[in-house]
1. For each pair in Lys91/Lys160; Lys40/Lys83; Lys106/Lys147; Lys40/Lys75; Lys40/Lys74, compute the distance between the two Cα atoms and list the pairs where it is over 25 Å.
2. May I ask for the percentage of alpha-carbon pairs in the stretch 48-201 that lie more than 21 Å from each other?
3. Ranked by accessible surface with a 1.4 Å probe, highest first, in what order do Arg148, Arg131, Arg142, Arg187 come?
4. Protein chains only, probe 1.4 Å: how do Leu135, Leu100 rank by accessible area, largest first?
5. Between Asn47 and Arg131, what is the label-to-label distance in nm when each label sits 7 Å out along the Cα-to-Cβ direction?
6. If you build the convex hull over the alpha carbons only and average its shadow over all orientations, what do you get for the stretch 23-127? Give it in nm² to one decimal.
7. Taking a quarter of the surface of the Cα convex hull of the stretch 30-71, what do you get in nm²?
8. By the scheme Lys and Arg +1, Asp and Glu -1, what is the net charge of all other residues having a beta-carbon under 13 Å from that of Gly108?
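The values are calculated or read from the model by the stated rules, or taken from the named source; none is laboratory data. None of the values given here were measured: they were computed from a predicted structure. With ideal geometry, Cβ positions are generated from the backbone for all residues, glycine too; neighbour counts draw on all protein chains shown. Side chains included, ligands, DNA and RNA excluded: accessible areas come from the protein's heavy atoms. Shrake-Rupley method; radii C 1.70, N 1.55, O 1.52, S 1.80 Å.
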Amino acid sequence: PGGSRHTTSASGSYQGASDYRIGAQDLLAISVFGVEELNKEVRVNSNGQISLPLIGGVMAGGRTIPELEADLAKKYSEGYLQKPQVSVFVKEFTSQRITLEGAIAKPGIYPITGKTSLLQAIALAGGIDDRTADLGGIVLMRQINGKRMAAVYDLRQVRKGITGDPQIYGDDIIVVEPSASKTAMRRFIESVPVLGIFNVL
């Protein structure tokens, strides 16, 4: 039933700002609308804390960006500002992890910092195993709106610039299928277009 399949384009699929949980060593840019002296860049310490003008130590680790924004607005409003508008932007993601599996030189879990593309992620794991990898069977798995979704990429097309090199986010799983595999993943690869369109896995 092709009509019921959920598809999302890779470029606009990830609403990561609201789902991402801040971690230790992330660099945050915090701004308070109209109060320039409170605008600050802070790095989350190993205990998940940040320190800010007027309000001191605040727990940021484990919180989503909207949660932290609401908490900071509440703290600033307690005796300092009327209805403060606080924005939090993650300038460096240092706590994110991605998983690479399959026909990869060094499969495993890797930390990523800042923007990372599919090609960069594969390079982190030592590249693909040229003897066994199916270059047309690169699967990128991601949780989107609570559903496990996956998109298929052809590494040859990505390398040539025919297909975009997608951005990778924390908790993504990249699977490089061996060319001779007969797995459920292989059936998924054969059932969807190699265009970087996310489908329910």
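1. Where the Cα-Cα span goes over 25 Å, the pairs concerned are Lys91/Lys160; Lys106/Lys147.
2. So the portion of pairs separated by more than 21 Å is 54 percent.
3. Arg131, Arg187, Arg148, Arg142
4. My answer, sorted largest first, is Leu135, Leu100.
5. Modelled inter-label distance: 5.1 nm.
6. Quarter of the Cα hull surface area: 7.4 nm².
7. Mean shadow area of the hull around the Cα atoms is 3.0 nm².
8. Overall, the nearby charge balance is +1.
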